[in-house]
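Participant: The structure under discussion is supplied below as structure tokens; questions concerning it will follow.
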Amino acid sequence: MHELVEQRLDDLATHGFVVIEGALGPDECAALSGRLRALHAEGHPRGSNDVGTVWFDDVLDVDPGLFGGLIAHPSVREELRGLCGRQLQLRSLRGHVYPGAYKQHWHMDFYGYWDQAAEGRLASRGTAVNTTFYFQDGGPATSHLEFVTGGHLRPPEGVKRGEVVATEDNAFTRWCEEQPRTVVYPKAGDCVLFFSHIPHRGVKTDDTTERSNVVCHYQVNPFYPGVWFLSETLGDDGVYPLAGGSTA
Ligand SMILES: O=C(O)CCC(=O)C(=O)O
């Protein structure tokens, strides 16, 4: 494996995230952010919450050529291969826009990660990673992404199914507030590769700044259908980007 890829995977293991700078070029950023801007402007069906996130779960159906290009994107493909090999499965692909004020609640994408310990002698622990591609420059005066420092290595408090719902104040988010945090400022074109179970949140410090991104969630099988994850799975068809047609 290439030394840089090894280094990134070591950083991911240590910190729970790694920033891959310049993963996308300016043209790719413009095309992706422009398409998300247009979907938002034309009232395309979306999800939204009370902390300022708007999301589109169907962008892969809307424009498979454009958004599908982010699946195992060449900028992060070797890292994904080094983590998961051919078992890499795209779980979901979601476009986000943050049109106004935005202070995301602390959350995990894979809440169920720590529940798996007692699943059985032969049950392998499901693990998931996000690759989130950013299209505008973050910075202290615009926006950032923050992680609970080392939050991928220890179970957080208060994560009980049914007790962490939506964006309300709860024991888990209060626990996150008390932990040390690490702030990163992804720039346009950067990809942040991180464990889906690390507590994190995005924040805009300038409500007027444009901000959007696309997240690809990948899981390493097996994940049972009812697993506690932020998004629904796309299913089993054609979502193993590193498997090719090989049966070997
Ligand atoms: O940068 C952000 O706003 C947070 C993105 C996020 O929560 C994610 O990619 O899972």
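Participant: Take the alpha carbon gyration tensor of the stretch 93-162, find the square roots of its eigenvalues, order them as a ≥ b ≥ c, and report rounded if a/c is under 1.5; if not, report prolate when a/b exceeds b/c, else oblate. If you can, show how the numbers build up before the last one.
Facilitator: Working: a/c = 2.51, a/b = 2.12, b/c = 1.18.
The shape class here is prolate.
Participant: Now for a separate question. Counting other C-beta atoms within 10 Å, and keeping those with at most 14, which DSSP coil GluC sites (Glu not before Pro) do you find in the stretch 43-139?
Facilitator: 119
Participant: Shifting gears a bit: Could you state the number of Å between the C-alpha centres of the stretch 165-218 and the stretch 122-155?
Facilitator: Using only Cα atoms, the two centres lie 7 Å from each other.
Participant: Also, quick follow-up: Using +1 at the Cβ of each Lys and Arg and -1 at the Cβ of each Asp and Glu in the chain, identify which of 75, 14, 31 lies farthest towards the dipole's positive end.
Facilitator: Checking the options against the dipole of the chain, the answer is 14.
Participant: Residue 114 to residue 10: FRET efficiency via 1/(1 + (r/R0)^6), r the Cβ-Cβ distance, R0 22 Å, to the nearest 0.05?
Facilitator: The formula returns an efficiency of 0.45 here.
Participant: Roughly how many debye, to the nearest 20, is the charge dipole of the stretch 98-248 about its Cα centre, given +1 on each Lys and Arg Cβ, -1 on each Asp and Glu Cβ, and no other charges?
Facilitator: 320
Participant: Give me the net charge for the shell around residue 189: Cβ to Cβ below 13 angstrom, other residues only, Lys and Arg +1, Asp and Glu -1.
Facilitator: Surrounding charge for residue 189 is -4.
Participant: For the stretch 136-180, which GluC sites (Glu not before Pro) pass both filters: DSSP loop (anything but H, G, I, E, B) and at most 16 other C-beta atoms within 10 Å?
Facilitator: 157, 163, 168
Participant: Same structure again: Put a dot 7 Å past each Cα toward the Cβ at residue 154 and residue 44; how far apart are the dots in nm?
Facilitator: 4.1
Participant: On to the next question. For the stretch 24-47 and the stretch 73-108, compute the distance between their C-alpha centroids and round to whole Å.
Facilitator: First find each Cα centre; the distance between them is then 17 Å.
Participant: Follow-up. Give me the number: length gained by fully extending residue 21 to residue 233, i.e. 0.36 nm times residue separation minus the C-alpha to C-alpha distance, one decimal in nm.
Facilitator: 73.5 nm
Participant: Give, in nm to one decimal, the length gained when the segment between residue 141 and residue 61 is fully stretched (0.36 nm per residue of separation minus the Cα-Cα distance).
Facilitator: Numbers: separation 80, 0.36 × 80 = 28.80 nm, distance 3.47 nm.
25.3 nm is the gain from fully extending residue 141 to residue 61.
Participant: Hey, if you put +1 on the Cβ of every Lys and Arg and -1 on every Asp and Glu Cβ in the chain, which of 65, 43, 165 ends up farthest toward the positive end of that dipole?
Facilitator: 165
Participant: Can I ask one more? Please go through the stretch 72-157 and write out the trypsin sites (Lys or Arg not before Pro) that DSSP classes as loop and that have at most 16 other C-beta atoms within 10 Å.
Facilitator: Passing sites in the stretch 72-157 are 121, 125.
Participant: According to the square roots a ≥ b ≥ c of the eigenvalues of the Cα gyration tensor, what is the shape class of the chain, taking rounded for a/c under 1.5, prolate for a/b larger than b/c otherwise, and oblate for the remainder?
Facilitator: Numbers: a/c = 1.35, a/b = 1.07, b/c = 1.26.
Because its axes are fairly even, with a/c under 1.5, the chain counts as rounded.
Participant: Another question, then. Rounded, prolate or oblate: pick one for the stretch 1-140, where a ≥ b ≥ c are the square roots of the eigenvalues of its C-alpha gyration tensor, a/c under 1.5 means rounded, and failing that, prolate if a/b is larger than b/c, else oblate. Could the numbers behind the result be given before it?
Facilitator: Details: a/c = 1.74, a/b = 1.36, b/c = 1.27.
Prolate.
Participant: Hey, fewest Cβ within 10 Å first, where do 108, 1 land in order?
Facilitator: Going from least to most buried by this count: 1, 108.
Any read-out appearing in this document is the output of simple, stated calculations on the displayed coordinates, not a laboratory observation. A quick note: this is a predicted structure, and the numbers were derived from the prediction, not measured. Note that each Cβ is placed from the backbone with ideal geometry, even for glycine, and that neighbours are counted across all protein chains shown.
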